[in-house]
Every structure is written in C-alpha cells, then in structure tokens.
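Novice: Can you keep this structure in mind? I'll have questions shortly.
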Amino acid sequence: MSTTGMTLIDTLRSHVESHYPVLYLVTHEEPEADALIRTLAADGERRIVEWNLARGLVDFETRQPKAAWCPLTDALDNLLQQDFTRDTFIVIRDAHLGLRDAPVAVARLKALIARNLADDEHSVTIFLVSSQPCVPPELEKFITLFDLPLPDEAAIQGEIRKYVDAYGLTIEDGTLAKLTNAFQGLTRYEIGQLINRGFQQDGRIDLDDIDLVHAEKRQIIRKSGTLEMLEVRERLDDIGGLDKLKPWLKQKAAVLADWPAARAFGVEPPRGVMIVGMPGCGKSLTAKAAATLFNLPLLKLDMGSMMGKYVGESEANMRRALRVAEAVSPCVLWVDEVEKAFVGVGRGGGGGGGADVATRLFGYFLTWMQEKTQQVFVIGTANDVSSLPPELLRKGRFDEVFYVDFPKEAERAEIFRVHLNKRGKLGQRVLVDRLAKATDGYSGADIESIVKEAIEQAFVAGGAAIDTERLLAVIKATHPLRDVMKDKVKEYRDRFDAMKIKEAA
C-alpha cells in the first residue's frame, strides 16, 4: 500500500482513528512492527492483547503467557466473550499460520470484526502481523495490507555507525557510502549480523565486508523460491547482427559503470528494455549477454511461481520477488515470455479467476516499474506483442522497445561466423556468404542448429572436414521456423509493422 506524502506511522494512525477494523503488517522485522503498535497504543492509552502461535495469549511487552496455550480458534472464542471496556488493540502474530486452512478461526475472526464494528462506545483495532500475507476471501473487505519498508539510506548509515561506535572504530565517508549501497535491501537484523561477522573475521568494518553481503544476497535469492540467479558467460560478440540494439546496450553499460557521476550529471536512472520479436532470434541470448556487459548478476523471474491460492497471495509473491531483486541490486532482472505472465489483462468482459489475478499482478508490476528507485535493470522478452497490455509498452516503463526480426543476409553470414568460430570450424573451406544466401527466413537458432548438425555428421563420418557443401546439405534438409510456423510468423510480422517498433537490426 502506498504511503506517498505521509509517513507510515501517520498512515497507520489515520486508519486507526478512522476505525478500520483490521490492519495487516507484513514484515520480517517484528520489533519494527511492535514499535509502531506501541506508539499507536500510547496515543490513545489503549491496552494491547496479543496471541502468537508459540505461546498463545501473552503479555505484549513481556511475551509471558497469560493462560495455558490455545490455538487461534480458542483465543478468538475467548476474545468474543470479552466486553471491551476501553479502546483496545488485538495483535495476532504469525497470522498467516493461524488463519491458513483454518475455517473456524476465519469465521470467529469475522464474528469478532463484526462485533467490534457494531460497538459505538469503544474502538478495537486488530493487527495481523506476519512475514507474508494470508487474506481469506471472507475477510478481504475488512483487511488493509501494509508492507513495512526496509531501512533506507539514512537508517542503514545509522545502523553502521551504531556498530562502528560500539566497537570503538572509525569509518571514512567513502567506505560508509559504499557499505550503505551494498546493504540496501536487507533488514536491520541482516545488516547487524553481517557487520558482526565482518568484525569477528578481521576486527574491522570496511569494504572487505561487501563480499559477505554478496554471499548473503545469494542466499536470499536461493531461499526466496521466486527468483533464479543464472550463471552467464554469453557476450554480445556471441550474437550476430542486432547492430542497433548492441550500441544502445553499450551506452546503458557506460552509465551503469559510473552511476554516481552519471546521476550527478543529470542522467536518468536506466529502467530497462523490452525485446519483442520472432522466436529463436536472440532475445534470451541478448538478456544474458547484457548482464555480462553490465557486469551485474542476472535474475530470472518465473511468473508461474507467483500464483497462490489465497486472496492476495499472488501479489505478495510478486512483491517478495521484486523486493528480493531490489535487495541484490544493482542487478539485471529478466522476465521471459512476458505475454504469458499477463495473459487476459485488459481484455474486458470479466472472466474472474486467473485473469483477475493477472490484472492485479500487472498493476503492481507497472507501479513498481514506474516508481522503483533501486538499480534493477529490467529486460522483458516476448514473442507475441499483441498479447501485451499497451500500458507496458508506454515510455516510462522501459527505456526502449526493440523488435528482433529474422536476420537479414549480412546478419546470417555473421551468425554463421560466430557459431563456426566458436567451435573452431571456421576456415577457407566454408563460404559463409553462400550459406547466408541459402538461409533466407532462418532464425539464429536455426543457423546454430545447422552448424551443430553438420559438425556431428562430420564426426560420425570419421572426422570429415566441415565445408560449404556439407553445411548446404544440412540446410537443404532443415525446415526453418519460418516455414514451421508460417501463419503465426506472418501474424507476428504484421503486428510488429503496424506498431512501428524500433528494429534491433
């Protein structure tokens, strides 16, 4: 939920005073949530009642049990029987565990909300606190979600200085700035643990600790389950053609390589690029090569892993994935086959179900693309541009949209050179110009397949030479993608031409 123009505490206070029944605080840092609740309770001298999964009903301040342990269903039944004679906060910790697959708990919480709303004399606000949201459909209209923000630059610097002072050390401004940048995206707890580890290793808090930060961020990605970190070796030189897209990427690489100076000069932060076009023509390869060019980690977003069965769960997964990407920034985030991720968005006519979830995911993704401040360079790739919501292609989301067509003759010659040279088979026996003329309408993937097949046949034939005739024979026996998907290819090309998207070559 956006709190633009207001601090989080002001927004929460406004909701409490407006008698919103349930405020859901999503955070891994429970002490931060507790501090907010404690401040809000002090405003109106409200008492606080807490249930948590570990110990049942407890004292909010001491966490000491106030009765024998009981499940959330029984705790809610107990609360339903109480008459609240003063304004009260009810805190339900570990809410996603207490409410998930617990219909009786959901029903009793709904009954408690209804009773509280009907009480004109006293104000009762329920706080759900957990690391991930779980919003049963029956409670959806009563709950307001809040993501507690991670520490900003000022908070991170304060955290670092706290440890520097505690250990009796000093730190230079340049080192502090670089450590602050490295720690962005981590919680206070994670920052403190890493600083302690660094100090235990060498008795210092300095730039050597950044290696620990990177290792921690790799752990974050592995544990998230929503992103995959890819090991990439591909380079732009491995891609034939694309002579307009390559210089554009090199320009962005120059900006990212010296971002502080670029920002001071007035350069806008690079947002990303959408690459659309024919299958097998280098879109995915370009995403990998760009990460190598930028010297940044490449994260792949699997949209299928976003889907959850509870209301709000899919959006929570998306939020978590994007926050992980921000946590490991600067990085490249690759969203492959974007059109499949947001299928059904903006088509009208209702439909419900998956289309509604896709619409919500799309809305959140667009907002994040527009407002993100971390250095996450997004590369979207898509085959069917007509399936993409037009809002995604608008300037301000991506820096540019490029169209990748089947390679032209000169590009095909270059692609043959790249793949033959990569395998040590480029020599005087191979006339790439003849091969290029014979492969009109072939994709880059088709050409790579031809080279690999010719080499395999030559090996089986006893190590025969790779020459033009052998490659032409394989070409003759190959059905290119243009022919296999003839109708679809024509449909794609017509749409690309109509939209006048910038060509990559």
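The values are calculated or read from the model by the stated rules, or taken from the named source; none is laboratory data. Everything quoted here is computed from the prediction, not taken from an experiment. Cβ: placed from backbone, ideal geometry, glycine included. Neighbour counts: every protein chain shown.
Novice: Is one or more of the residues making up segment 463-473 within 27 Å of VAL276 (Cβ to Cβ) and either among the charged types (D, E, K, R) or assigned by TED's automatic domain parsing to the domain that holds VAL276 (or both)?
Specialist: no
Novice: Go through segment 16-32 and give me each residue that's under 29 Å from the mean Cα position of the chain (by Cα), modelled with pLDDT of 95 or more and of a type outside the set (Phe, Trp, Tyr).
Specialist: Selection gives VAL22, LEU23, LEU25.
Novice: Another question, then. Just one of (1) surrounded by 14 or more Cβ atoms within 10 Å (Cβ to Cβ); (2) among the β-branched types (Val, Ile, Thr); (3) over 21 Å from GLU32 (Cβ atoms) trips up THR170, so point out which.
Specialist: Unmet condition: (1).
Novice: Another question, if that's okay. One residue is enough: does segment 99-106 have a residue meeting the conditions in the same structural domain as GLU50 (by TED's automatic domain parsing), touching a strand residue (DSSP E or B) at 6+ places or on another chain (Cβ under 6 Å), modelled with pLDDT under 95 and surrounded by fewer than 21 Cβ atoms within 10 Å (Cβ to Cβ)?
Specialist: Narrowing segment 99-106 to residues in the same structural domain as GLU50 (by TED's automatic domain parsing): 99-106.
From the residues that got through so far, the ones that are touching a strand residue (DSSP E or B) at 6+ places or on another chain (Cβ under 6 Å) too are none.
Within segment 99-106 (the criterion being in the same structural domain as GLU50 (by TED's automatic domain parsing), touching a strand residue (DSSP E or B) at 6+ places or on another chain (Cβ under 6 Å), modelled with pLDDT under 95 and surrounded by fewer than 21 Cβ atoms within 10 Å (Cβ to Cβ)), the answer is no, since none of the residues qualifies.
Novice: Please give the number of the condition ALA35 fails out of (1) without any contact (Cβ under 8 Å) to a residue 40 or more places away in the chain; (2) closer than 27 Å to ALA107 by Cα.
Specialist: Among (1) without any contact (Cβ under 8 Å) to a residue 40 or more places away in the chain; (2) closer than 27 Å to ALA107 by Cα, the lone unmet condition for ALA35 is (2).
Novice: Take the conditions at pLDDT below 80 and farther than 15 Å from PRO151 by Cα and apply them to ARG235. Does it pass?
Specialist: Spelling it out, it is not the case that ARG235 is at pLDDT below 80 and farther than 15 Å from PRO151 by Cα.
Novice: Looking for something within 23 Å of ARG38 (Cβ to Cβ), touching a strand residue (DSSP E or B) at 6+ places or on another chain (Cβ under 6 Å), without any contact (Cβ under 8 Å) to a residue 60 or more places away in the chain and among the aromatic types (Phe, Trp, Tyr) - is there at least one such residue anywhere in segment 133-156?
Specialist: no
Novice: Looking at segment 107-120 only, could you name the residues that are in contact with a His (Cβ under 9 Å, 6 or more places away or on another chain) and buried (at least 17 other Cβ atoms within 10 Å of the Cβ)?
Specialist: ASN116
Novice: Would you point out the residue of segment 63-85, among those that are of a type in the set (D, E, K, R) and out of contact with any Gly (no Cβ under 9 Å at 6 or more places or on another chain), that is surrounded by the fewest Cβ atoms within 10 Å (Cβ to Cβ)?
Specialist: ASP83
Novice: Something else about it: Could you please find all residues in segment 424-458 being surrounded by fewer than 13 Cβ atoms within 10 Å (Cβ to Cβ) and modelled with pLDDT under 90?
Specialist: Result: GLY424, GLY427, GLN428.
Novice: Let me ask another. Might you let me know whether segment 89-96 holds any residue that is outside the structural domain of GLN370 (by TED's automatic domain parsing), of a type in the set (A, V, I, L, M, F, W, C) and over 15 Å from VAL124 (Cβ atoms)?
Specialist: yes
Novice: Still on this structure, please answer the following. Mind listing just one residue for me: the one in segment 297-314 that is at pLDDT below 75 and not in a loop (DSSP other than H, G, I, E, B) and, of those, surrounded by the fewest Cβ atoms within 10 Å (Cβ to Cβ)?
Specialist: Ranking the candidates gives GLY304 first.
Novice: Let me ask something else. Working only within segment 378-424, note down all residues that are on the phi > 0 side of the Ramachandran plot and not assigned by TED's automatic domain parsing to the domain that holds LEU333.
Specialist: GLY424
Novice: Determine the pairs where a residue that is in contact (Cβ under 8 Å) with a residue 24 or more places away in the chain, located within segment 254-271, has a partner that is exposed (fewer than 15 other Cβ atoms within 10 Å of the Cβ) with Cβ atoms under 8 Å apart, the partner being 6 or more residues away or on another chain.
Specialist: From residues that are in contact (Cβ under 8 Å) with a residue 24 or more places away in the chain, the pairs are ALA257/ASN295; PRO269/ARG263; PRO269/THR373; ARG271/GLY396.
Novice: Additional query: Helices (runs of 4 or more DSSP H) wholly in segment 392-505 with at least 3 residues that are more than 35 Å from the chain's Cα centre (by Cα) - which ones? Full working, then the answer.
Specialist: Details: elements: 409-422, 432-437, 444-460, 468-476, 481-484, 486-499.
Helices (runs of 4 or more DSSP H) meeting the threshold: 409-422, 432-437, 444-460, 468-476.
Novice: Answer yes or no as to whether ALA253 is out of contact with any Asp or Glu (no Cβ under 9 Å at 6 or more places or on another chain), small (Gly, Ala, Ser) and either over 26 Å from PRO407 (Cβ atoms) or not assigned by TED's automatic domain parsing to the domain that holds ARG319 (or both). Give the derivation first.
Specialist: Numbers: out of contact with any Asp or Glu (no Cβ under 9 Å at 6 or more places or on another chain): yes; small (Gly, Ala, Ser): yes; either over 26 Å from PRO407 (Cβ atoms) or not assigned by TED's automatic domain parsing to the domain that holds ARG319 (or both): no.
No.
Novice: Listed residues ASP165, ASP206; which is modelled with pLDDT under 90, more than 17 Å from CYS331 (Cβ to Cβ) and of a type in the set (D, E, K, R)?
Specialist: ASP206
Novice: Could you figure out which of (1) modelled with pLDDT of 85 or more; (2) closer than 17 Å to ALA382 by Cβ isn't true of PHE294?
Specialist: All conditions pass for PHE294, except number (2).
Novice: Something else about it: So which strands (runs of 3 or more DSSP E) stay within segment 115-234 end to end and still have 3 or more residues that are under 26 Å from LEU12 (Cα atoms)?
Specialist: In segment 115-234, 124-130, 143-147 are the strands (runs of 3 or more DSSP E) which contain 3 or more residues that are under 26 Å from LEU12 (Cα atoms).
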